[in-house]
Amino acid sequence: MLFPTPALGSADVRVLANIDAMRDALRRQMQTTPSKWTDGLRKFLTADAVAASNSIEGFKVSTIDVEDLLDGERDVEVSDENRAETLAYQQMMTYIQSLHDFPDFTYSKGLLNALHWMLQGHRHAARKPAGQWRRGPVYVTDARDASIAAYTAPDADAVPALMEELVDWLNAPSDDHPLVRAAMAHLHLVSIHPWADGNGRMSRSLQTLMIAREGALAPELSSIEAWLGRPGNTWEYYRELNDRGATYLPDQDVSGWIRFNLTAYHQQSQTVHGRLDRSGRVWTALADFAGNAGLDERMMSALHDVAMAGRVRRSRYEQSEGLSLQQAQRDLRDLTTAQVLEPVGRTRARYYTAGPRFPETALEIARTPMTLSDPYRSAREVDGAE
């Protein structure tokens, strides 16, 4: 038995309508924004999702380091374990993103196990097999005391039938909103806990896959994994899951889980809108600076990376502008000589940060934090006014 999808209340419907409107506006905005900006945003959001989802499981790699790893950079100062987890998750996420418009697509137990192998294959062992259902019990320990089981998953013998039921549910037609179904799929999978390890990331990835398959917006723009990875939100995430009980109890009302996810969708949409707007304003400030300083227009991408991410590597600048090694080195050397950039480190591990003559206006725009609104508070205010 799976959790029944709850009926939406008036506040839920209002919040969901706002989410749809924001996502539609973002889709139109992405279509009219220069690809050089949007390509960078997509890369950042993918890296941010990978970094955040892994951080929930204790693998700490910054978003900028994940970006470098995804670009193929080898000289990134992270542990071998964190590097392996990052690249495995990136491989799985890349495949998930590629499935967004695959015409002959169905969910299956084989697909889910294959995705799990991409995620956990480097950890495959007899006790914790990758790409196979678990063979024994599995527990989620309490974050405050590892000797206490906060959740005990269904018996291993029940997993095949539960996963068969989940796959049938995933493939069945439904009138429920795709974002609601994606949230429910996340809850179903994380509650069944069918694998010995990697269940949390797989459940979050299934939600991302369902959003991708919806097709309204590119998956990297819709995933809530980055939102879930923020420390305060991570605790709320655990609390929502803990509210479902210490064992598998699917015959219950999960309206709170839906509200939590709708808040996540809404605030992540706010975040993406804010970053895209800020990116554009930074680019405009840099264009004014480059014009006054007589810099080549192609140098803008390097300066933009420094403003938005804090640093740029030669390899990224070379790839983004389609330059030769010598051209990229010469440009970065000229920017260093002009004190616009400042090198950090030596040889292959070198990267560049803002120098003393980097335009302060661009940095100020990039560093100004955004404010997120609580969608349910806004919905209550509207209901109260009515």
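The values are calculated or read from the model by the stated rules, or taken from the named source; none is laboratory data. If you're wondering where the values come from, they're calculated on a predicted model, not measured in any experiment. As a convention, Cβ positions derive from the backbone with ideal geometry for all residues, glycine included, and neighbour counts pool all protein chains shown.
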Handout entry: Close pairs (9 angstrom Cβ cut-off, 6 or more residues apart or separate chains): outside the structural domain of R204 (by TED's automatic domain parsing) in segment 220-238, in a helix (DSSP H, G or I) and crowded, with 24+ Cβ neighbours inside 10 Å anywhere
Key = none
Practice task
Answer yes or no: is there a residue in segment 146-153 that is under 17 Å from A47 (Cβ atoms) and surrounded by 13 or more Cβ atoms within 10 Å (Cβ to Cβ).
Solution key: no
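Looking at segment 175-203, which of its residues are in a loop (DSSP other than H, G, I, E, B) and in contact (Cβ under 8 Å) with a residue 24 or more places away in the chain?
Filtering segment 175-203 down to residues in a loop (DSSP other than H, G, I, E, B) leaves 175-177, 193-198.
Answer for segment 175-203, where residues must be in a loop (DSSP other than H, G, I, E, B) and in contact (Cβ under 8 Å) with a residue 24 or more places away in the chain: D176, H177, H193, P194, W195, A196, D197, G198.
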Exercise for the section: Could you list, in sequence order, all residues of segment 277-299 that are touching a Phe, Trp or Tyr at 6+ places or on another chain (Cβ under 8 Å) and surrounded by fewer than 18 Cβ atoms within 10 Å (Cβ to Cβ)? Expected result: G280
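State all residues of segment 175-193 that are in contact with a Lys or Arg (Cβ under 7 Å, 6 or more places away or on another chain) and within 17 Å of A212 (Cβ to Cβ); if no residue qualifies, say none.
Residues of segment 175-193 that are in contact with a Lys or Arg (Cβ under 7 Å, 6 or more places away or on another chain), as a first pass: 186, 191.
Of everything in segment 175-193, just one residue is in contact with a Lys or Arg (Cβ under 7 Å, 6 or more places away or on another chain) and within 17 Å of A212 (Cβ to Cβ), namely H186.
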Practice task
Give me the pairs, please: first residue somewhere in segment 281-299 and within 16 Å of T336 (Cα to Cα), second residue anywhere and of a type in the set (V, I, T) and assigned to a helix (DSSP H, G or I), beta-carbon distance under 8 Å, and either six or more positions apart or on two chains.
Solution key: F289/T361
